[in-house]
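Peer 1: Below you'll find the structure I mean.
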Amino acid sequence: MHLAAALGMPVLGLFPPMPPYNSLRWGPVGQRAEALEPLWDCSTVHRPAQCNCIESITPAQVCEVVQRW
């Protein structure tokens, strides 16, 4: 993802809303790079592997970003 963004390729990263995986910190950087995160915060989840918040990112949201490219 980061290499593609550095080369100017369109990139979309999907990130869970947990502090260790923050899209502002780890997301792609570039004119054609974007990141999607669920709107709610699941940092209170005690077992991150069981968090399914990222599933709230819909295919329609992904398609909207891709169609802008």
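The values are calculated or read from the model by the stated rules, or taken from the named source; none is laboratory data. Just so it is clear, the model here is predicted, and its values are computed rather than measured. So basically every Cβ, Gly included, is an ideal-geometry build from the backbone, and we count neighbours across all protein chains shown. Calculation scope for accessible area: heavy atoms of the full protein, side chains included, ligands and nucleic acids excluded. Shrake-Rupley method; radii C 1.70, N 1.55, O 1.52, S 1.80 Å.
Peer 1: What are the pairs with Cβ atoms under 9 angstrom where one residue, in the range 44-61, is more than 9 Å from P16 (Cα to Cα) and at pLDDT below 80 and the other, located anywhere, is not in a helix (DSSP H, G or I) and not hydroxyl-bearing (S, T, Y)? Sequence gap at least six, or different chains.
Peer 2: V45/M18; V45/C51; P48/P16; P48/M18; P48/C42
Peer 1: Condition (residue is at pLDDT below 80, open to solvent by 100 Å² or more (accessible area, probe 1.4 Å) and farther than 30 Å from G8 by Cβ) applied to the range 31-39: is it met by at least one residue?
Peer 2: no
Peer 1: Return the residues of the range 17-30 that are assigned to a loop (DSSP other than H, G, I, E, B), open to solvent by 30 Å² or more (accessible area, probe 1.4 Å) and either at pLDDT 90 or above or within 20 Å of I54 (Cα to Cα) (or both); say none if nothing qualifies.
Peer 2: N22
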